[in-house]
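Data first, discussion second: the structure below is written as structure tokens.
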Amino acid sequence: MANADPRPSVLTRPPSSRFIVGSLLAALIANLLPGTGLAVLLWPDLVALVLLYWVIHAPRRVGFGSAWLLGLLMDIADGVLFGQHAFAYVITTYAAWRLHRRLQTFNLWQQALYVLGLLLLLDVSMLLVRLAFGAAFPGPLYFAGSATGALLWPLLSTLLALPQRKPVSPPYGTPSR
Amino acid sequence: MNDPTPPPFFKTGLPPHLRFTIFVLLSAVLMLADARLTYLGALRQALAVFVNPLQHAVNAPVRLAGQVADFFVTHSRLRLENEELRQTRLRLSAQLLELEALRAENAHLRALLDARPRYGHTAQLAQILYAERDPFSRKIIIDRGSLHHVEAGQVVVDETGVVGQVTRAYPAVAEVTLITDKNQAVPVQNLRNGLRAVVFGSGQDGTLNVPFMPTNADLVPGDQLVTSGLDGIYPPGLPVATVVRVERNAAYPFARIACLPAAGVDRHRHVLVLRSTAPPPPRPPAEVARGKR
């Protein structure tokens, strides 16, 4: 489990804005993939996962504003109550922001456990909103996406950390022209 | 940790708690406005212009895969299907002839009785793009929008019955709420005895129910429920549901009636969007209605 934690041993450079925006956009597209039946229920909210990653690892770049805007886009894409995702994303972002210093010292599987909690918070806040506006409880499988999301967290974290591990300039000792 | 911006010492902006509160309040206002008022249509449309092309792009490979799979069907299966379709067409054309005669007779009789003519409808074929991901509602997206004269309120059917109703029309796509959605109501009539009722979706497992019917209501399992046409939205006579279970418990004021939809609500790739050729007469103003009572 020593190499499950990429951070303390490797010096990283700050993520580029283009990469942050690109990853969020890619997650949005992946969320729009059509599916049927069980696949839809098990499909994790990738936008929430990537958003959580950036809130934890670049809290001053990605915050409430981004969470809110992404939430609005998800509301349009899903055709749900306008502001429902935005509300839940902002709440989850706040919780993640409160936890981000602690989470940075954990290894990926410990983080995944916390992320499960955060995703469930996301689900519960959306559930409460919809129940308040008169929807019926969709059944316990509603929370299944959060479990898949948490399981996906180590993989996603590793992938999103990769571009930051490359050296910024040629290492010392290489001849300069 | 790997953050390039200066520490909060130099540049802070609003404190996070405050920003959090502002955005939560903003979302709450949006939700209330969306649920209680209808001012947000324009904003929704504007954002949809950005999201819908993304959805189309994402759907394209999936649709392509379906088309490729369609291309590689066996010759014998095609021939069999062709034969079946030919027979069905023959049978239907016979029924159509009968229908034409009946329609002429009906128009004649209505003219004799001085009754209003029935409103005609034109149908438009639409393909189902995908089902919406919202687990709280039963909705589908079709590939016809306001550019193709699809409007909110139009009725969507398949060859066996009512599928749902268009609830939002975007330029190129439209959102259809299925009759199995919890908030979707269809005014119906029992084909056996003409009893009027309203069918609601149960929102759970693709079934429907008929609430607020007294325990002695004349509905038995097997009854066919068709649209009554009383609302001026659904054309009369379209099959909606079949009653499968009636529970009469004297402890409750209403009977519990479960139905199954007549249409293949979750099954088809193509549906028909009905557009009425003549608008229904305007409702009488509320004051007049109250004064008459």
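A compact table of results
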item: Matching strands (runs of 3 or more DSSP E) fully within the range B:173-281 where at least 3 residues are at pLDDT 85 or above and within 26 Å of A:GLY134 (Cβ to Cβ); result: B:174-178, B:185-190, B:196-201, B:239-247, B:254-261
item: Positions within the range A:110-144 being touching a residue at least 40 places away in the same chain (Cβ under 8 Å) and either within 9 Å of chain B (Cβ to nearest Cβ) or farther than 19 Å from A:LEU46 by Cβ (or both), in sequence order; result: A:MET126, A:VAL129, A:ARG130, A:PHE133, A:LEU141, A:TYR142
item: Yes/no for A:LEU69 being more than 9 Å from chain B (Cβ to nearest Cβ), under 23 Å from B:GLY13 (Cβ atoms) and open to solvent by 10 Å² or more (accessible area, probe 1.4 Å); result: yes
item: Complete set of residues in the range B:164-186 that are in contact with a Pro (Cβ under 8 Å, 6 or more places away or on another chain) and within 15 Å of B:PRO53 (Cα to Cα); result: none
item: Filter pass, B:SER93 being more than 14 Å from chain A (Cβ to nearest Cβ) and modelled with pLDDT under 90; result: no
item: Matching entry among B:ARG36, B:ARG77, B:ARG44, B:ARG63 (being loosely packed, with under 10 Cβ neighbours inside 10 Å and within 11 Å of another protein chain (Cβ to nearest Cβ)); result: B:ARG36
item: Residue list for the range B:142-167, filter: part of a strand (DSSP E or B), in contact with a Leu (Cβ under 7 Å, 6 or more places away or on another chain) and surrounded by fewer than 22 Cβ atoms within 10 Å (Cβ to Cβ); result: none
item: Residue match in the range B:112-125 (condition: touching a strand residue (DSSP E or B) at 6+ places or on another chain (Cβ under 9 Å), among the hydrophobic types (A, V, I, L, M, F, W, C) and either closer than 21 Å to B:THR167 by Cβ or part of a loop (DSSP other than H, G, I, E, B) (or both)); result: yes
item: Residues of the range B:185-201 satisfying the condition of being open to solvent by less than 50 Å² (accessible area, probe 1.4 Å) and in contact (Cβ under 8 Å) with a residue 24 or more places away in the chain; result: B:VAL186, B:PRO187, B:VAL188, B:ASN190, B:ALA197, B:VAL199, B:GLY201
item: Every residue from the range A:112-146 that is open to solvent by 40 Å² or more (accessible area, probe 1.4 Å), in contact with a Leu (Cβ under 7 Å, 6 or more places away or on another chain) and more than 21 Å from B:MET31 (Cα to Cα); result: A:TYR114, A:LEU141, A:PHE143
item: Selection from the range A:41-56 of residues that are assigned to a helix (DSSP H, G or I), within 11 Å of chain B (Cβ to nearest Cβ) and open to solvent by 10 Å² or more (accessible area, probe 1.4 Å); result: A:LEU41
item: Counted residues, the range A:1-40 - those being more than 13 Å from every other protein chain (Cβ to nearest Cβ), open to solvent by 60 Å² or more (accessible area, probe 1.4 Å), modelled with pLDDT under 85 and in a helix (DSSP H, G or I); result: 2
item: Filtered residues of the range A:83-107 (kept if more than 9 Å from chain B (Cβ to nearest Cβ), open to solvent by 10 Å² or more (accessible area, probe 1.4 Å) and among the hydroxyl-bearing types (Ser, Thr, Tyr)); result: A:THR105
item: Flag if A:TYR114 is more than 30 Å from B:LEU178 (Cβ to Cβ), among the hydroxyl-bearing types (Ser, Thr, Tyr) and at pLDDT 90 or above; result: yes
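The values are calculated or read from the model by the stated rules, or taken from the named source; none is laboratory data. Since the structure is predicted, the reported quantities are computational estimates derived from the model, not experimental observations. Note that each Cβ is placed from the backbone with ideal geometry, even for glycine, and that neighbours are counted across all protein chains shown. The protein model used for the area step is the full one, side chains on, heavy atoms only, and it has no ligands, DNA or RNA in it. Shrake-Rupley method; radii C 1.70, N 1.55, O 1.52, S 1.80 Å.
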